[in-house]
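Have a look at the structure below before the remarks.
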Amino acid sequence: QVQMVESGGGLVQAGGSLRLSCAASGRFFAITAMSWYRQTPGKQRELVAGITTDGRTNYKDSVKGRFTISRDNTKHTVFLQMNSLRPEDTAVYYCNADFYNPTTSLYYDYWGQGTQVTVSS
């Protein structure tokens, strides 16, 4: 079984910074893409940033230049550095990782438990 454990959320004033971390543990063969999503009440979960195994990244337009996604493949961990935070960034942030099992040729994904980020104006 795989677990994804997040940390780093909290309350910050507008213009401040937070760094989220998410570590995968358990039994698995390989992690491919890793991503961060966020969700606010009544809205669908949306992709914030993603990163491939070889470090290629993509971002939601509204966070480009402010957020940076990175990963440590040796520790199976993905990070989200969030700078210049705005009140509209307030949400529950979830990490997601795609796993590949070469014995079955199947892909599957797991989610973190979510961490609250609140940005006050």
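The values are calculated or read from the model by the stated rules, or taken from the named source; none is laboratory data. No experiment lies behind these values; they were computed from the predicted model shown. As a convention, Cβ positions derive from the backbone with ideal geometry for all residues, glycine included, and neighbour counts pool all protein chains shown. Surface accessibility is based on the protein's heavy atoms, side chains included, excluding ligands, DNA and RNA. Shrake-Rupley method; radii C 1.70, N 1.55, O 1.52, S 1.80 Å.
To the nearest 20 Debye, how big is the dipole of the chain about its Cα centre, given +1 on the beta carbon of each Lys and Arg and -1 on that of each Asp and Glu?
Values: 12 positive and 9 negative charges, 27 e Å.
Approximately 140 debye in magnitude.
Would you be so kind as to identify which of 34, 83, 52 lies farthest towards the positive end of the dipole of region 25-121, taking Lys and Arg as +1 and Asp and Glu as -1 on Cβ and the Cα centre as origin?
After comparing all options, I get 83.
Using only the C-alpha atoms of the chain, find the volume of their convex hull and express it per residue in Å³. Provide the component values of the computation, followed by the final result.
Values: hull volume 12.4 nm³, N = 121.
Here the figure is 103 Å³ per residue.
Once you place label points 7 Å from the Cα toward the Cβ at residue 81 and residue 53, how far apart are they in nm?
Those two pseudo-labels are separated by 2.5 nm.
For a quick check of understanding: with a 1.4 angstrom probe and all protein chains in place, what accessible area in square angstrom does residue 29 have, to the nearest ten?
Residue 29 exposes around 130 Å² with every protein chain in place.
Of 36, 111, which has the most accessible area with a 1.4 Å probe, and how do the rest follow in descending order?
Accessible-area ranking of 36, 111, largest first: 111, 36.
Report for the chain the percent antiparallel among DSSP-assigned beta bridges with both residues inside it, nearest 5. Kindly include the intermediate steps, with their values, before the conclusion.
Details: 43 of 47 bridges.
Approximately 90 percent, going by the DSSP bridge assignments.
Can you give the extra length, in nm with one decimal, that the chain gains between residue 28 and residue 13 once fully stretched, where that is 0.36 nm per residue apart less the Cα-Cα distance?
Going from the current span to full extension adds 1.6 nm.
Please list 88, 46, 6 from largest to smallest accessible area, probe radius 1.4 Å, with all protein chains kept in place. List each step's numbers first, then the result.
Working: 88 120, 46 60, 6 15 Å².
Result, largest first: 88, 46, 6.
Can you give the extra length, in nm with one decimal, that the chain gains between residue 64 and residue 1 once fully stretched, where that is 0.36 nm per residue apart less the Cα-Cα distance?
Details: separation 63, 0.36 × 63 = 22.68 nm, distance 3.40 nm.
Here the answer is 19.3 nm.
Using Cα-Cα distances under 8 Å and only pairs 6 or more residues apart, what relative contact order does the chain have, in percent?
On the way: 298 pairs, mean separation 42.5, N = 121.
Result for the chain is 35 percent.
What lysines does residue 43 reach when the alpha-carbon gap must be under 30 Å and sequence neighbours fewer than 8 apart in one chain are set aside?
Answer for residue 43, where 30 Å is the Cα cut-off: 60, 64, listed by chain and number.
Just subtract the alpha-carbon distance of residue 106 and residue 88 from 0.36 nm times their residue separation and send over the number in nm, one decimal. Mind dumping the intermediate values first?
Numbers: separation 18, 0.36 × 18 = 6.48 nm, distance 3.69 nm.
Full extension of this stretch gives 2.8 nm more.
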